[in-house]
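What follows is a short report on a single structure.
No value in this document is a laboratory result; all are computed from the given coordinates. Please read all numbers here as calculations on a predicted model, not as lab measurements. Cβ placement follows ideal geometry from the backbone for every residue including glycine, while neighbour counts extend to all protein chains displayed.
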Amino acid sequence: MNDLIADMLTRIQNAIMRKKETVDVLNTKINNEILKVLKNEKMIEDYSENGRYIEVKPLYDNNEPVITHLERVSKPGQRIYVSKKEIKPIMNGRGISIISTSNGLFSGAMAKSKDLGGELICKVW
């Protein structure tokens, strides 16, 4: 498995489609950072480290998932970079983008407010 981020996004997407209460993803530094952004943006309920895995609790509103789609943008074979001017709202502000900057991982709105660009990791809505 080469792309651990895509694996995590796929596992979360599959768990949401099956309306699972929790899903286990591999415990890596980048996965932890992405989950921290998702929790801060209220896209997931919570996550906790459990040894080699991270247990993620997807957020549901009236038994409907808050996240309907997770999309990997920048891939190991094709990196996608955006400047602060190129950061756009996702789904008219209903979604978020996650950007890896020189100061760490941020949501698109947060990176834009800090005047930072970087690698566009994924889009979530």
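Can you show me the helix-derived [θ] at 222 nm for the chain, built from DSSP H runs with n ≥ 4 at -39,500 (n - 2.57) apiece and divided by the number of residues, rounded to the nearest 500.
Calculated mean residue ellipticity at 222 nm is -7500 deg cm²/dmol.
Tell me, what ³J(HN,Hα) does each residue in region 63-72 have, in order and in whole Hz, if you take phi through Karplus 6.51 cos²θ - 1.76 cosθ + 1.60 with θ = phi - 60° and put x for Gly and Pro?
Computed from phi, the couplings for region 63-72 are 6, 10, x, 5, 8, 10, 7, 10, 10, 6 Hz.
If contacts are Cα pairs under 8 angstrom and at least 6 residues apart, what is the relative contact order of region 4-65 in percent?
Answer for region 4-65 is 34 percent.
What pairs from 19/42; 84/123; 57/84; 42/85; 42/123 go past 22 Å between their alpha carbons?
Exceeds cut-off: 57/84; 42/85.
What angle, in degrees between 0 and 90 and rounded to the nearest 10, separates the Cα long axis of helix 4-17 from the longest principal axis of the Cα atoms of the chain?
The angle comes out near 50 degrees.
Using the alpha-carbon centroid of each, what span in Å lies between region 1-59 and region 83-125?
Going from one Cα centre to the other spans 19 Å.
What is the ratio of the Cα radius of gyration of region 4-65 to 2.2 N^0.38 Å, with N the residue count, to two decimals?
With N residues counted in region 4-65, Rg over 2.2 N^0.38 Å equals 1.01.
Select one label from [x] 38, 33, 22; [y] 40, 36, 28; [z] 61, 33, 21: the one whose number is Cα extents along the principal axes in Å as derived from the coordinates shown.
[x]
Over the chain, calculate the relative contact order: mean separation of alpha carbon pairs under 8 Å at least 6 apart, over the residue count, as a percent.
Rounded, it is 23 percent for the chain.
At 7 Å along Cα-to-Cβ for each site, give me the label-to-label distance between residue 115 and residue 20 in nm.
That separation, rounded to one decimal, is 4.4 nm.
Could you work out how much longer the chain between residue 92 and residue 7 gets when fully extended? Use 0.36 nm per residue separation minus the Cα distance between them, nm to one decimal.
Length difference between fully extended and current span is 27.9 nm.
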